[in-house]
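The structure under discussion appears below in the form of structure tokens.
The values are calculated or read from the model by the stated rules, or taken from the named source; none is laboratory data. Fair warning: this is a prediction, and the values are worked out from it, not measured in the lab. Here Cβ is always computed from backbone atoms with ideal geometry, including for glycine, and neighbour counts include all displayed protein chains. Side chains included, ligands, DNA and RNA excluded: accessible areas come from the protein's heavy atoms. Shrake-Rupley method; radii C 1.70, N 1.55, O 1.52, S 1.80 Å.
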Amino acid sequence: MLILQNITYIHPDRDLLFENISLNVRKQDKIALIGNNGSGKSTLLKILAGLLQPSDGLVKTEDVPYYVPQIFGQFNDYTIAKALRIEDKLMALEHILDGHVTEENLALLDDDWTISERCSEALSQWKLDDLDLTQKMETLSGGQKTKVFLAGITIHQPKIVLLDEPSNHLDLQSRNLLYDYIRFTSNTLLVVSHDRTLLNLLNTVCELGKRGITVYGGNYDFYTEQKKIESDALNQDLKSKEKALRKAKEIERESLERQQKLDARGKKKQEKAGLPTISMNTFRNNAEKSTSRMKDVHSGKVDAISHELSQLRKELPDVDKMKFGFDDSTLHKGKILITAESINAGYGQQLLWNKSLNFQILSGERIVIKGFNGSGKTTLIKMMLGSLQPKTGIIHRADMRAIYIDQDYSLIANHLSVYQQAQQFNSGALQEHDVKIRLNRFLFAKNDWDKSCISLSGGEKMRLILCCLTIAHQAPDMIILDEPTNNLDIQNIEILTSAVNEYEGTLLVVSHDTYFLQQINVERVIDLG
């Protein structure tokens, strides 16, 4: 059992992150914790893990949770054993087996005589047999670091496990191992993730937002169905309110026109009757007051409806506020863009692929490049772009414009401001206000325009690139996405998915995210094995 009671967290700079968060996690619950970047998901996990103290509220737990972090840089100087908090225990066991049976060594071991066997079993389970526990963490890849901490679950055998973006950096084989663990474990799980395949394996979704935690009693697909119902209802309310606003403005205009006609008719009658000037002035003043009162009444109604409409629009999901409007690629469907004939890469006499590659890419196709980490996916992309020549074979490229969006978002110049970056793509000579309208459409408000690009999150950089592509005079003939959903929250993945589905050019994707690949209707696979 894990209980959060009225948890509030305030940053050291006094900014409130969230307040009065309450949640009950029952034994063997498998819960997804989702929410936009900056909502506090990782902070909440750290509070549950005991790594941070809440500003207010109470955390109750019957067992010590095991925590798999999202970021591992702080462990680079540690050995694997130290990062897993088993270094002292393994050393004590080694000393005891060497004959140094001291009280200190026995206390450190704490009767855990199978610790060494569990370590071997755990590393083998996550395909890390070649690692040594005395090895430094800095020598490992991102995927290996993640798997080391996942192996720690088998070693420590906790009852409660907290996972922060556990599928980041994992290739498809490792993701499948993770999915199997989640399916079959009897552990209580609380998982922060943007991996929709993983989220569908969990039986409850908790959304952390401005209103606290909202619990949806089902997996991610159930959650999206409920959100669609909420969104449809909101859009219906919006339409009704927009209709009411038009009606109120129409009634206001008609009432004022009618009043003005009555005033004019009354004035003519008074003039015909030859009333003295003082009476005419009194009549005019009364008419003006009456018109003013009517204006106030109708303006009040219009303002009230406008305010309600504004509040409803603020509740719209951000993806619904965007209009991508990509210009079409000039290339006709089916034109041959790339032909690869027996190509291979390598160094010295060593070739990268066991079998040389032969393929064609046609305009308008949607293709995924698959392969394990280190199988040469990025190398193949560089060949397709012409920045690297194959060691064997020939690759032919048509005259085309390709955009490569890599994992580091290198298209973004970190030294530029958001507005300056947008202007770099303004080949159609849009006016300044038009560029700023597009930035607004992609959730970059006025106070973001002068922000340095280096300070943007991964999701913000992806949004800025998409915005830049809509500012460019013409859409690229080919877009290449390299692990595009890594480090994006669900909101930004949905934004990316909508943009990709509006794009009509050629799409090449490197991704282990099978859910994303289904959503963007990938048609073909180039498999590097």
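Summary of values
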item: Candidate set from the range 422-432 (those that are open to solvent by 80 Å² or more (accessible area, probe 1.4 Å) and in contact (Cβ under 8 Å) with a residue 24 or more places away in the chain); member that is nearest to the chain's Cα centre (by Cα); result: Gln424
item: Residues located in the range 486-514, provided they are touching a Ser or Thr at 6+ places or on another chain (Cβ under 6 Å) and buried (at least 20 other Cβ atoms within 10 Å of the Cβ); result: Ile493, Gly505, Thr506, Asp513
item: Top-ranked residue of the range 192-217 - restricted to ones that are assigned to a loop (DSSP other than H, G, I, E, B) and farther than 19 Å from Tyr181 by Cα, ranked as modelled with the highest pLDDT; result: Gly217
item: Qualifying residue in the range 379-392 (condition: in a helix (DSSP H, G or I), modelled with pLDDT of 85 or more and not hydrophobic (A, V, I, L, M, F, W, C)); result: yes
item: Test: residue in the range 134-151 that is in contact with a Phe, Trp or Tyr (Cβ under 7 Å, 6 or more places away or on another chain), at pLDDT 95 or above, outside any helix (DSSP H, G or I) and surrounded by 14 or more Cβ atoms within 10 Å (Cβ to Cβ); result: no
item: Residues of the range 218-234 satisfying the condition of being in contact (Cβ under 8 Å) with a residue 12 or more places away in the chain, assigned to a helix (DSSP H, G or I) and open to solvent by less than 50 Å² (accessible area, probe 1.4 Å); result: Tyr220, Tyr223, Ser231, Leu234
item: The range 1-40, residues that are in contact with a strand residue (DSSP E or B) (Cβ under 9 Å, 6 or more places away or on another chain), in a loop (DSSP other than H, G, I, E, B) and more than 20 Å from His194 (Cβ to Cβ); result: Met1, His11, Arg26, Lys27, Gln28, Asp29
item: Residue check for Glu483: at pLDDT 85 or above and more than 19 Å from Cys468 (Cβ to Cβ); result: yes
item: Those residues of the range 372-396 which are open to solvent by less than 30 Å² (accessible area, probe 1.4 Å) and on the phi < 0 side of the Ramachandran plot, in sequence order; result: Ser375, Lys377, Leu380, Ile381, Met383, Met384, Pro390, Ile395
item: Single unsatisfied condition, Lys27 versus (1) in contact with a Pro (Cβ under 9 Å, 6 or more places away or on another chain); (2) in contact (Cβ under 8 Å) with a residue 24 or more places away in the chain; (3) among the basic types (Lys, Arg); result: (1)
item: Hey, Tyr9 within 28 Å of Ser141 (Cβ to Cβ), of a type in the set (Phe, Trp, Tyr) and open to solvent by less than 90 Å² (accessible area, probe 1.4 Å) or not; result: no
item: So Leu128, is it in a loop (DSSP other than H, G, I, E, B) and either hydroxyl-bearing (Ser, Thr, Tyr) or modelled with pLDDT of 90 or more (or both); result: yes
item: Total residues in the range 41-92, condition of a type in the set (Gly, Ala, Ser), open to solvent by 10 Å² or more (accessible area, probe 1.4 Å) and over 19 Å from Pro158 (Cα atoms); result: 4
item: The range 486-505, subset over 29 Å from Gly40 (Cβ atoms) and of a type in the set (D, E, K, R), residue nearest to the chain's Cα centre (by Cα); result: Glu502
item: All positions within the range 515-529 that are open to solvent by 10 Å² or more (accessible area, probe 1.4 Å), β-branched (Val, Ile, Thr) and assigned to a loop (DSSP other than H, G, I, E, B); result: Val522
item: In the range 93-108, residue farthest from Met137 (Cα to Cα) [restricted to those that are open to solvent by 80 Å² or more (accessible area, probe 1.4 Å), of a type outside the set (A, V, I, L, M) and part of a helix (DSSP H, G or I)]; result: Glu103
item: Residues (open to solvent by less than 50 Å² (accessible area, probe 1.4 Å) and either among the β-branched types (Val, Ile, Thr) or modelled with pLDDT of 90 or more (or both)) located in the range 19-40; result: Ile21, Leu23, Val25, Asp29, Lys30, Ile31, Ala32, Leu33, Ile34
item: Residues located in the range 30-56, provided they are in contact (Cβ under 8 Å) with a residue 40 or more places away in the chain and aliphatic (A, V, I, L, M); result: Ile31, Ala32, Leu33, Ile34, Leu44, Leu45, Ile47, Leu48, Ala49, Leu52
item: Asn203 over 27 Å from Ala81 (Cα atoms), touching a residue at least 12 places away in the same chain (Cβ under 8 Å) and among the polar types (S, T, N, Q); result: yes
item: Test: Ser511 is under 19 Å from the mean Cα position of the chain (by Cα) and hydroxyl-bearing (Ser, Thr, Tyr); result: yes
item: Residues that are touching a residue at least 40 places away in the same chain (Cβ under 8 Å), buried (at least 16 other Cβ atoms within 10 Å of the Cβ) and more than 18 Å from the chain's Cα centre (by Cα), drawn from the range 178-200; result: Ile182, Asn187, Thr188, Leu189, Leu190
item: Selection from the range 486-499 of residues that are within 15 Å of Arg196 (Cβ to Cβ), among the hydrophobic types (A, V, I, L, M, F, W, C) and part of a helix (DSSP H, G or I); result: Ile490, Ile493, Ile495, Leu496
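Rundown of residues vs (1) more than 25 Å from Tyr515 (Cβ to Cβ); (2) assigned to a helix (DSSP H, G or I); (3) free of Cβ contacts under 8 Å to residues at least 40 places away in the same chain; (4) among the hydrophobic types (A, V, I, L, M, F, W, C), yes/no style:
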site: Asp399; (1), (2), (3), (4): yes, no, yes, no
site: Ile412; (1), (2), (3), (4): yes, no, no, yes
site: Gln420; (1), (2), (3), (4): yes, yes, yes, no
site: Leu443; (1), (2), (3), (4): no, no, no, yes
site: Asn447; (1), (2), (3), (4): yes, yes, yes, no
site: Ile454; (1), (2), (3), (4): yes, yes, no, yes
site: Cys467; (1), (2), (3), (4): no, yes, no, yes
site: Ile480; (1), (2), (3), (4): no, no, no, yes
site: Pro484; (1), (2), (3), (4): no, no, no, no
